[in-house]
Amino acid sequence: MGIAPLDRGDRTYVAGHRGLVGGAVLRHLQAQGFTDLVTRTSGELDLRDPAAVEAFFAEQRPATVVMAAAKVGGILANSTYPADFLSDNLRIQVNVLDAAARYGATKLLFLGSSCIYPKFAPQPIREDSLLTGPLEETNDAYAIAKISGVLQVQALRRQYGLHYISAMPTNLYGPGDNFHPTGSHVLPSLIRRFDEAARTGAPSVTVWGTGTPRREFLHVDDLARACVHLLENYDEPEPINVGVGEDLPIRELAELVAEIVGYQGELVFDSTKPDGTPRKLLDVGKIHALGWKAQVGLRDGLTETYRWYQEQVAAGTVRS
Ligand code: GFB
């Protein structure tokens, strides 16, 4: 029951299908032949509303739930709106996980994040580092909410014997991302800024922080494959890391984006903006042992994401 192929005909609910992760998971499930996929936009179903979530689950009774709905943002959004990140995420998680359990979902995948490990966890970060030290303060509110979700999964397993699991993705990117100029993560922010600078001929582009923090980037299509792989091959209470196993300094990342976009001006580092955690490279030994490995290289993934972004700009449909 726990470790078995998913039935492609079972009803599967992807929470958050309009987001970067949920969108990629939905595409992957469609490509894998899942025939009974259920989605709701936030306009149709506000996951912060317990009565609405309860009614939705009572009616739909999905067998499998991929919990990709969350309030997310980059370092500045997290540090500016901690109350929203804490409260919205706690509400969404409690509502969805409780209702999934109550209305008979037999499988559920909850997504944590590499930023919920302690700020100074030994690198590469192993799964057993969770809750062993203080958090990075720019995203502590988000982290506490996500840690609660991981604990809720463990509690539901213990109390009801459910085969629910949690994954810990590293920093993600890809088509479908949010390109908000200040609220988004580093890659969409830089793609947008370099693209505008290239088009307007600006002499320099500002990159936040010192450029020295290191980050690991996983293409969201790789994460989507991992989600299905884990639902079929992993059934333990401990969250499992999903990453590429390599990272790079933000300075090098910015240079790579500039090259892909074709921007030749200067990079200026704004050290009044936060650096965040110095490094958060995931140890991916556990998921590799289960037969999953990231496939999309950063240069290829970024080139494709930039092409996608240009199409959105041309069509006037950039999400921000
Ligand atoms: O992507 P980012 O916001 O996520 O920032 P975190 C990563 C690094 O890139 C930081 C630098 O050191 C930023 O200072 N950076 C440089 C920029 N230029 C920019 C820019 O224009 N925009 C942004 N956003 N960053 C988040 C957490 O932390 O990671 C969230 O706050 C979430 O909770 C996410 O979990 C995965 O890795 O620092």
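Taking one quarter of the surface of the convex hull spanned by the alpha-carbon atoms of the range 114-173 gives a direction-averaged projected area of 4.8 nm². Here, the range 1-107 is characterised by an Rg to Rh ratio of 0.99, where Rg is the alpha-carbon radius of gyration and Rh the Kirkwood radius. Expressed as a whole number of Å, what is the distance separating the alpha-carbon centroids of the range 1-31 and the range 270-320? Their Cα centres are 21 Å away from one another. Relative to the current alpha-carbon distance between Ser204 and Glu304, full extension at 0.36 nm per residue lengthens the span by 33.6 nm.
Along the axis of the charge dipole computed for the chain (Cβ charges of +1 for Lys and Arg, -1 for Asp and Glu, origin at the Cα centre), the listed residues Val38, Leu130, Ala226 are led at the positive end by Val38.
Quick one: compute the contact order of the chain, relative version, from alpha carbon pairs under 8 angstrom and 6+ residues apart, as a percent. Don't skip to the answer; put the middle values down first.
On the way: 627 pairs, mean separation 65.9, N = 320.
Contact order relative to length: 21 percent.
With bins 10 Å wide beginning at 0, the percent of Cα pairs of the range 249-320 falling in each bin runs 14, 30, 38, 16, 2.
Taking the alpha carbon gyration tensor of the range 54-99, multiplying each eigenvalue by 5 and rooting it gives semi-axes of 27, 11, 6 Å, largest first.
If you wrap the chain's Cα atoms in a convex hull and average its projection over all directions, what's the area in nm²? It would help to have the intermediate numbers written out before the result.
Numbers: hull surface 61.8 nm².
Result: 15.4 nm².
Please report, to two decimal places, log10 I(q)/I(0) for the range 175-260 at q = 0.15, 0.19, 0.20 Å⁻¹ as given by the Debye formula with identical point scatterers on the Cα atoms and no solvent. Computed log10 I(q)/I(0) values: -0.69, -0.95, -1.01.
When the charge dipole of the chain is built from unit charges on Cβ atoms (+1 for Lys and Arg, -1 for Asp and Glu) and taken about the Cα centre, the candidate among Tyr173, Asn78, Phe57 whose Cα reaches farthest toward its positive end is Phe57.
Working note: Debye formula, equal point scatterers on the alpha-carbon atoms of the range 191-310, no solvent; log10 I(q)/I(0) at q = 0.10 Å⁻¹ is -0.39. Per residue, the accessible area of the chain comes to 43 Å² when a 1.4 Å probe rolls over the protein heavy atoms.
A Cα-only calculation for the range 80-126 places Rg and Dmax at 14.5, 40 Å.
For the range 96-233, take the alpha-carbon Rg, divide it by the Kirkwood Rh, and send me Rg/Rh. Before the final figure, lay out the partial values.
Numbers: Rg = 18.2 Å, Rh = 17.4 Å.
Checking Rg against Rh, the ratio lands at 1.04.
If you roll a 1.4 angstrom probe over the protein chains with everything in place, what fraction of the accessible area of the range 10-111 belongs to carbon and sulfur, to the nearest %? Each step should come with its number before you reach the end.
Numbers: 2030 of 4180 Å².
Result for the range 10-111: 48 percent of the exposed heavy-atom area is carbon or sulfur.
The values are calculated or read from the model by the stated rules, or taken from the named source; none is laboratory data. Bear in mind the structure is a predicted one, so any value in this text is a computation, not a measurement. For neighbour counting, all protein chains shown are included, and Cβ atoms are generated from backbone atoms with ideal geometry for every residue, glycine included. For the accessible areas, the whole protein counts, side chains as well, though only heavy atoms, and no ligand, DNA or RNA atoms are used. Shrake-Rupley method; radii C 1.70, N 1.55, O 1.52, S 1.80 Å.
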